[in-house]
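See structure below.
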Amino acid sequence: MRILIVEDESQLARHVASALTRHGHVPTIKNDGLEALQAASAQPPDLIVLDLNLPGLDGLSVLARLKQAGCPSRVLILTARNEVEHRIKGLNAGADDYLAKPFAMEELLARIEALGRRGAVAASTELLTVADLCMDVQHRRVTRGGQPVALSPREFDLLQLLMQEPGRVFSRTELCERVWQRDHEYDTRTVEIFITRLRRKVDAPAATPLIHTHRGIGYCVSDMPGAGSSSPFSKA
């Protein structure tokens, strides 16, 4: 992927670029928000790794202007560990994912690869499938084993996020941020309630559970045996 790294810490930017190059990506570095905006507008990259604290133009402003201009690039924002408010604002502004500093390079690479897979799915089809669970994203229809599954809008959004990356475990906090986009205190109990509702509608009528709990971590959708520690009737 062509990846634009927008980071004013030059040493960190070079470290990230070196790791991306080793993994087959083509990185470009910009240390200033205005320069990054001009570069991404002229030739949108596949993905932007965007620090929020930038000289010239802050990261949130860069993100907002790119989205207003219809830039198709996926965006991973970098925030300080205690910048929860900025993180949420970034997700609300259109970022696809976030990572708090300091971070492990392995986690950054994993999140970038996941965003790459998500982009490939979105570009090729509007139909998501995991085993016999099918989702028509455009028409917001879900079936399991050919039978329609009636979901509320929020249940649909939660299931869509899980199905976009089968096997990836999403934490309760991330689901809360990305599906509910809360700008106040997280209510992860809400996530548990909706997971339970999805299980009743998606898994309970079927022989094989697809929605799995990873105790103390989060949830995933997968058709792999042993993907989690849940059953169709286990607690969220």
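Between residue 61 and residue 126, the FRET efficiency estimated from the beta carbon spacing at R0 = 35 angstrom works out to 0.65. The angle between the Cα long axis of helix 105-124 and the longest principal axis of the Cα atoms of the chain comes to about 70 degrees, rounded to the nearest 10.
The mean sequence distance of close C-alpha pairs (under 8 Å, at least 6 residues apart), as a share of the length of segment 125-221, puts its relative contact order at 27 percent. Taking Cα atoms only, the orientation of helix 10-22 departs from the longest principal axis of the chain by about 60 degrees.
Treating each Cα of segment 125-221 as an identical point scatterer and summing with the Debye formula, the log10 of I(q)/I(0) at q = 0.22 Å⁻¹ comes to -1.19. Distances between placed amide hydrogens fall under 5 Å for residue 2 paired with 26, 46, 47, all partners being 5 or more residues away or on another chain. Between the helical axis of 59-68 and the longest alpha-carbon principal axis of the chain there is an angle of about 70 degrees. Let's test the formula: R0 of 25 Å, r as the Cβ-Cβ distance of residue 107 and residue 28. What FRET efficiency results, to the nearest 0.05? Using R0 = 25 Å, I get an efficiency of 0.70. Work from the charge dipole of the chain (Cβ charges, +1 for Lys and Arg, -1 for Asp and Glu, about the Cα centre) and give the residue of 49, 188, 211 farthest towards its positive end. With unit charges placed on the Cβ atoms, the residue in question is 211.
How high is the FRET efficiency between residue 215 and residue 193 when r is their beta carbon distance and R₀ equals 22 Å, given to the nearest 0.05?
The computed FRET efficiency comes out at 0.80.
One compactness figure for the chain is 1.06, namely its Cα radius of gyration divided by 2.2 N^0.38 Å.
Taking the convex hull of the Cα atoms, report for segment 4-86 its projected area averaged over all directions, in nm². Write down the numbers at each step before the final one.
Details: hull surface 21.2 nm².
That works out to 5.3 nm².
Taken together, the values in this text are just the output of simple stated rules run on the coordinates, not laboratory data. Because the structure is a prediction, the values reported are computed rather than measured. Cβ sites come from the backbone with ideal geometry, for glycine too, and all protein chains shown count toward neighbours.
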